[in-house]
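The values are calculated or read from the model by the stated rules, or taken from the named source; none is laboratory data. Computed from a predicted model, the values in this text were never measured in an experiment. FYI the Cβ positions are ideal-geometry reconstructions off the backbone, even for glycines, and counts take in every protein chain you see. In case anyone asks, the SASA skips ligands and DNA or RNA and just uses the protein heavy atoms, side chains included. Shrake-Rupley method; radii C 1.70, N 1.55, O 1.52, S 1.80 Å.
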Amino acid sequence: MRLKFLALTLVAFTTGVHAWEATGRGALIELYTSEGCSSCPPADNWLSSLRSHKNLWTEVVPVAFHVDYWDGLGWPDKFASGDYTRRQRSYANLWKTTTIFTPAIIMQGENTGARQDFPKISATLSATWSNNKLVLSGAEQSEATVHVAWLAMDVLSDVKRGENAGRKLQHDFIVLRHEVLGAYKAGESISLNKPTGRAAPVKALAIWLEVKGRPVIAIGGPLSAKD
């Protein structure tokens, strides 16, 4: 009996899987930016300053979407995607305007600009990601969709051409991959695999819920070497 107990304990220990966990009531802070835009570096620096926010990931969840409409003007941004441009245009449609620009800072679906009075969220969302399975709970939202973004941190780009030629640009919270995982169902296991082959290493994960095209709650956190 003792040997059987020891064997079961050994199996449990050797097959244990590290889990990434996050809990909070964060506001999603989106920056739309480009390495080809000379007005963007101050906004990039402002977003990077949120690394020192006392409630980073639990009350403030920053993400930087690099758009591609600057790419033909001398410097193709290696982090840019047409999908991110389309996401920005979806906001313009929501606001009933045809104009998009960089830098643009959007908090909880509203075009606010840089500021420090972040929206307060009353609900709480929790997440566990383990063995490529994501489970969310809390923040009951009957019409919500689940969004995730895999992020790069502490990236330095040496820009050779375009409006920022000769500048070394510092970036944080860069969206390397954005995925929409479908309808939110608390407690349901969702397949989620960490992407590979990106323009920079994946260092953090952000998760948020959207209702009718607007973020309602977000959480996130850094990934460990085991994730």
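Restricting to the stretch 196-227, name every residue that is of a type outside the set (S, T, N, Q), under 20 Å from Glu21 (Cβ atoms) and in a loop (DSSP other than H, G, I, E, B). Working first, answer last.
Taking the stretch 196-227 first, the residues of a type outside the set (S, T, N, Q) are 197-223, 225-227.
Now restrict to residues that are under 20 Å from Glu21 (Cβ atoms): 202-209, 217-223, 225-227.
Passing the criteria: Val202, Lys203, Leu223, Ala225, Lys226, Asp227.
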Enumeration of residues in the stretch 111-149 that are of a type in the set (A, V, I, L, M) and assigned to a loop (DSSP other than H, G, I, E, B): Ala114, Ile121, Ala123, Ala139, Ala144
Looking at (1) open to solvent by 10 Å² or more (accessible area, probe 1.4 Å); (2) in contact (Cβ under 8 Å) with a residue 24 or more places away in the chain, which is the only condition Gly197 fails? (2)
How many residues of the stretch 200-213 are of a type in the set (D, E, K, R) and either free of Cβ contacts under 8 Å to residues at least 12 places away in the same chain or touching a strand residue (DSSP E or B) at 6+ places or on another chain (Cβ under 8 Å) (or both)? The answer is 2
Of the residues that sit in the stretch 108-126 and are open to solvent by 40 Å² or more (accessible area, probe 1.4 Å) and among the polar types (S, T, N, Q), which one is farthest from Asn93 (Cα to Cα)? Thr124
For Arg177, are the conditions met, namely being touching a Phe, Trp or Tyr at 6+ places or on another chain (Cβ under 9 Å) and either in a loop (DSSP other than H, G, I, E, B) or free of Cβ contacts under 8 Å to residues at least 12 places away in the same chain (or both)? no
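Give the residue that is nearest to Val61 (Cα to Cα), with candidates limited to residues of the stretch 139-155 that are among the small types (Gly, Ala, Ser) and surrounded by 18 or more Cβ atoms within 10 Å (Cβ to Cβ). Write out each step before concluding.
Residues of the stretch 139-155 among the small types (Gly, Ala, Ser): 139, 142, 144, 149, 152.
Right, trim to surrounded by 18 or more Cβ atoms within 10 Å (Cβ to Cβ) and you get 139, 144, 149, 152.
Details: Ala139: 16, Ala144: 18, Ala149: 11, Ala152: 14 Å.
Filtering the stretch 139-155 for residues that are among the small types (Gly, Ala, Ser) and surrounded by 18 or more Cβ atoms within 10 Å (Cβ to Cβ), the one nearest to Val61 (Cα to Cα) comes out as Ala149.
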Write out, first by first residue and then by second, each pair whose Cβ atoms fall under 8 Å of each other, whose residues are 6+ apart or on separate chains, and whose first residue, in the stretch 75-104, is in a loop (DSSP other than H, G, I, E, B) while the second is basic (Lys, Arg). Trp75/Lys160; Trp75/Arg161; Ile100/Arg89
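For residues that are open to solvent by less than 20 Å² (accessible area, probe 1.4 Å) and either free of Cβ contacts under 8 Å to residues at least 40 places away in the same chain or assigned to a strand (DSSP E or B) (or both), tally how many sit in the stretch 156-172.
Count: 3.
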For the stretch 175-187, does any single residue satisfy the condition of being small (Gly, Ala, Ser) and under 29 Å from Leu73 (Cβ atoms)? no
I'm trying to understand the selection: among the residues of the stretch 39-60, which are touching a residue at least 60 places away in the same chain (Cβ under 8 Å) and of a type in the set (S, T, N, Q)? Ser39, Asn45, Ser48, Thr58
